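Engineer: Below you'll find the structure I mean.
The values are calculated or read from the model by the stated rules, or taken from the named source; none is laboratory data. Quick caveat, the model's predicted, so the values are computed rather than measured. Cβ atoms come from the backbone with ideal geometry, glycine included; neighbour counts cover every protein chain shown. Surface accessibility is based on the protein's heavy atoms, side chains included, excluding ligands, DNA and RNA. Shrake-Rupley method; radii C 1.70, N 1.55, O 1.52, S 1.80 Å.
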Amino acid sequence: MKKPIIAGNWKMNNTNATTKTLLQDIAPLVENAQCEVVVCVPYTNIDTARKAIRGTKIKLGAQNVAWAPKGAYTGEISAEMLKELKVEYVIIGHSERRQYFGETDQSVNARVKAALEAGLKPIICVGETLEEREAGKTAEVVIRQTNGAFEGIEKAYLKRIVVAYEPVWAIGTGKTATAQEANDTIAIIRKAIRKLYNKTAANAMRIQYGGSMNAKNASELMAMPEIDGGLIGGASLKAEDFAKVVNY
Ligand code: PGA
């Protein structure tokens with residue numbers, strides 16, 4: 001059985017001080033969670049988060065990782081550095097990275113490889129923009145992004161990978177894909193993974209939905225057969241809201 005995974009993506013929010021209090025508030029509320037619970041915090045808050053979640057159900061994630069192991073890459077953080085801080089998961093290819101920081105299918109692929117080689121678990125984000133959706137290109141875009149991200153990734157690594165389907169138009173907008181739409185697009189992504197590998201690997205892959213997922217709509221989304229979890233932005237910044245999603 002696949003264990004669902006709910007991950008909070010804090011984005012560029014919280015200082016070390018608020019990281020500690022927020023995690024202290026979340027921890028008791030998710031104690032009986034049936035799913036895996038992850039918080040992906042800013043780099044500078046990782047150490048504080050690591051200490052705050054000790055002995056709790058919460059696992060630690062980062063929001064990006066460099067493709068190179070080390071060297072002259074000003075501003076980047078390597079997979080080894082994250083491992084040293086006991087980071088387990090790392091978001092790669094979030095649409096905000098693709099939109100504002102020039103991330104491409106190639107750079108996403110290179111970051112995924114670096115993360116896997118260092119023993120991290122990538123959460124690979126794919127999803128279409130509003131323009132692409134209106135042009136009827138959703139399937140084409142998510143298939144291209146999936147193929148790009150998995151290029152050259154050996155089958156042995158698949159167990160450690162999570163995919164997040166995040167339609168860009170639904171992120172932070174309050175607009176959610178309907179549960180059916182999310183389910184259908186995730187099925188397309190799963191089929192792309194099946195083509196790259198095989199049916200067993202595709203069925204075992206956990207694919208999350210993300211984009212305005214919250215306390216109100218989580219249970220409906222999580223009831224869909226293709227949806228194995230959620231990547232939660234806004235609603236992960238309030239303890240009660242995040243806990244409600246986790247305990248969908
Ligand atoms: P949102 O963000 O839940 O605020 O829409 C999701 C994400 O970007 O991961």
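Engineer: Starting from the Cα of GLU181, step 7 Å along the direction of its Cβ; do the same at ARG160; then give the gap between the two resulting points in nm.
Structural biologist: 3.5
Engineer: Now for a different question. Just by accessible area at a 1.4 angstrom probe, what is the order of ARG111, ARG194, ARG160 from largest to smallest?
Structural biologist: ARG194, ARG160, ARG111
Engineer: Need one number: % antiparallel among DSSP beta bridges in the range 1-79, to the nearest 5.
Structural biologist: 0
Engineer: Relative contact order of the range 5-246: what whole-number percent is it, with Cα pairs under 8 angstrom and at least 6 residues apart?
Structural biologist: That works out to 20 percent.
Engineer: Could you give the length gained by full extension between LYS2 and LYS199, i.e. 0.36 nm per residue of separation minus their alpha carbon distance, to one decimal place?
Structural biologist: Gain on stretching LYS2 to LYS199: 69.5 nm.
Engineer: Sticking with this one: What accessible area per residue comes out for the range 5-246, rounded to a whole number of Å², with a 1.4 Å probe?
Structural biologist: That works out to 46 Å² per residue.
Engineer: If you average the C-alpha positions of the range 15-81 and of the range 89-130 separately, how far apart do those two centres end up, in angstrom?
Structural biologist: 17
Engineer: Another question about this same structure. Can you give the local net charge around ALA139? Use residues other than it whose beta-carbon is closer than 11 angstrom to its beta-carbon, Lys and Arg +1, Asp and Glu -1.
Structural biologist: Once positives and negatives cancel, what remains is 0.
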